[in-house]
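Okay, handing you the structure first.
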Amino acid sequence: MLTGDPLKLVASALGFILMGMFTGNTILLCLGLIALTFTYAALQLNPPENLTHHPPPESIIAYVDDELDITHHVTVEKGTGLVTLGQSLPSHFSLLEGNNIQAYWVQKPGQLLELSYKIRCTRRGVYHLENLNWETRHPLQLKPTLRGVFPESIELIVKPRSLTAKRIRQQKIFTKIPMPAESRVKVGVPTTTFKELRDYNTGDSYKNINWKATARKLMSPDSKPSVNEYEREGRRVVFIFLDTNKALGLGTSLKNSFEYAVQATLGLSEFYLTRQCMVGLSLFNSNHKETPKQSKPDHSQYLFPETGKIQQYKIHRLLLDTEVGTTDNTIHQAGTKPPTRRPLR
């Protein structure tokens, strides 16, 4: 199949030859013969054909602000001409080096083409680099341009970076306990570590009564004995609540308050998980108002308190797709425990 350019060249050459024969002008005859010879020689050249693609890995895991080198190798089996390779990039990626659209001149069979560029992951999420487009052109544009696509999908999993919790010097100035008071264990075997003084309740052991503190309180008529309460063995429970209010989207689409809130959430979860705490996570929207006809809370944005690397993976997975306005749960619904599944009998 040919384009309209060869027909125009042949028609022009025949016109010169006929005019030369009619007028007896040898110059016109030579011009016509040169044009015919040039057209015939050009049509013997074929555009690049039989392209073979060597794709990069199908899945790449990176973190925010990481730099990735993406490389495609394409082999051209035969033909001569211009080959253009290109691949579209997600909007949240910045191009650092190279170019994702490049043109190559192919002049020998079996030539290897390399499309290489460097990108920076500027935002967390799961992205896909779809299809590598190619285009081949005849060196003199006498044959149609060929276009095609190499079907592929490179999955890019961009994880958020966690803000590490730094140890503050002279910690006693700021707090007397290394863990939040709400994370203390209430059920378990008592230890010898003193926790606090409280009023006597029915069932408390008499040996735990602090007689000195009780003597100071007996001056009032309704006073109760003071009891020493000790820390208990077991795992502490820490709950983290993340607000998805639209007000946290202050900033650009790449860097905003919500992105830093996600990093802080990951930093806190890693901090407490490494200290053998049970960490739970719940998402809520402080801008959403609860109404009487409101639907049930979305428990898919809730993680039970657990420990270990599996829990850290679940937290990463939940925060990977979390955006501003993801949930409509109020703070009251976020703290509501979802129903447990009953085992099948």
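Would you please name the residue that is modelled with the highest pLDDT, looking only at residues in segment 11-53 that are among the aliphatic types (A, V, I, L, M) and under 29 Å from K108 (Cβ atoms)? Can you show your working first?
Step one: of segment 11-53, the residues among the aliphatic types (A, V, I, L, M) are 11, 13-14, 17-19, 21, 27-29, 31, 33-36, 41-43, 45, 51.
With the extra rule that they be under 29 Å from K108 (Cβ atoms), the set shrinks to 34-36, 41-43, 45, 51.
Working: I34: 84, A35: 81, L36: 82, A41: 80, A42: 78, L43: 81, L45: 83, L51: 91.
Step by step, filter segment 11-53, then rank; the result is L51.
How many of the residues making up segment 229-284 are among the β-branched types (V, I, T) and assigned to a loop (DSSP other than H, G, I, E, B)?
At the first step, the residues of segment 229-284 found to be among the β-branched types (V, I, T) are 237-238, 240, 244, 252, 262, 265, 274, 279.
Of the ones still in play, those that are also assigned to a loop (DSSP other than H, G, I, E, B) are 244, 252, 274.
Qualifying residue count for the region: 3.
This table checks each residue for (1) on the phi < 0 side of the Ramachandran plot; (2) surrounded by 11 or more Cβ atoms within 10 Å (Cβ to Cβ); (3) assigned by TED's automatic domain parsing to the domain that holds F304; (4) at pLDDT below 85.
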{"position": "L142", "(1), (2), (3), (4)": "yes, yes, no, yes"}
{"position": "K172", "(1), (2), (3), (4)": "yes, no, no, yes"}
{"position": "T175", "(1), (2), (3), (4)": "yes, yes, no, yes"}
{"position": "T193", "(1), (2), (3), (4)": "yes, no, no, yes"}
{"position": "K207", "(1), (2), (3), (4)": "yes, no, no, no"}
{"position": "N210", "(1), (2), (3), (4)": "yes, yes, no, no"}
{"position": "P225", "(1), (2), (3), (4)": "yes, yes, no, no"}
{"position": "L242", "(1), (2), (3), (4)": "yes, yes, yes, no"}
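Filter segment 1-31 for residues that are farther than 30 Å from L146 by Cα and among the small types (G, A, S); which is nearest to the chain's Cα centre (by Cα)? Spell out how you get there, then give the answer.
Of segment 1-31, the ones farther than 30 Å from L146 by Cα are 15-31.
Among the residues that remain, those that are also among the small types (G, A, S) are: 15, 20, 24.
Working: G15: 64, G20: 71, G24: 76 Å.
Among residues in segment 1-31 that are farther than 30 Å from L146 by Cα and among the small types (G, A, S), the one nearest to the chain's Cα centre (by Cα) is G15.
Every residue in segment 73-96 that is over 17 Å from R147 (Cα atoms) and within 21 Å of the chain's Cα centre (by Cα), please.
Scanning segment 73-96 gives L89, P90, S91, H92, F93, S94, L95, L96.
On the given criteria, is H128 in contact (Cβ under 8 Å) with a residue 60 or more places away in the chain and in a strand (DSSP E or B)?
Numbers: in contact (Cβ under 8 Å) with a residue 60 or more places away in the chain: no; in a strand (DSSP E or B): yes.
Taking the combined requirement at face value, the residue does not satisfy it.
Turning to a different aspect of this structure: From (1) closer than 25 Å to L319 by Cβ; (2) modelled with pLDDT of 75 or more; (3) part of a loop (DSSP other than H, G, I, E, B), pick out the condition that doesn't hold for L156.
(3)
Return the residues of segment 30-79 that are closer than 30 Å to G15 by Cα and β-branched (V, I, T); say none if nothing qualifies. Give the steps one after another, and end with the answer.
From segment 30-79, those closer than 30 Å to G15 by Cα are 30-47; that's our starting set.
Listed by number, the residues that qualify are I34, T37, T39.
Across segment 91-124, what is the number of residues that are farther than 29 Å from K78 by Cα and out of contact with any His (no Cβ under 7 Å at 6 or more places or on another chain)? Break it down into steps so the answer makes sense when it comes.
Residues of segment 91-124 farther than 29 Å from K78 by Cα: 91-97, 118-124.
Next, from what is left, pick out any that are out of contact with any His (no Cβ under 7 Å at 6 or more places or on another chain): 91-97, 118-121, 124.
Here the count works out to 12.
Looking at segment 244-281, which of the residues that are of a type in the set (G, A, S) and over 20 Å from the mean Cα position of the chain (by Cα) is modelled with the lowest pLDDT?
In the first step, residues of segment 244-281 are kept if they are of a type in the set (G, A, S); the result is 247, 249, 251, 253, 257, 261, 264, 267, 269, 280.
Pick out the ones that are also over 20 Å from the mean Cα position of the chain (by Cα) and you get 247, 280.
Details: A247: 84, G280: 90.
Taking the candidates together, the pick is A247.
Quick check, is N131 surrounded by 13 or more Cβ atoms within 10 Å (Cβ to Cβ), farther than 30 Å from N256 by Cβ and touching a Phe, Trp or Tyr at 6+ places or on another chain (Cβ under 7 Å)?
When the stated conditions are applied, N131 passes them.
Follow-up question, since we're still on this one. Does F284 satisfy the condition of being touching a residue at least 12 places away in the same chain (Cβ under 8 Å), within 20 Å of the chain's Cα centre (by Cα) and assigned by TED's automatic domain parsing to the domain that holds T307? Please lay out each step first, then the result.
Working: touching a residue at least 12 places away in the same chain (Cβ under 8 Å): yes; within 20 Å of the chain's Cα centre (by Cα): no; assigned by TED's automatic domain parsing to the domain that holds T307: yes.
So F284 fails the test.
The values are calculated or read from the model by the stated rules, or taken from the named source; none is laboratory data. Here the structure is a predicted model, which means the values were calculated and not measured. Every residue, glycine among them, receives a Cβ derived from its backbone with ideal geometry; neighbour counts consider all protein chains shown.
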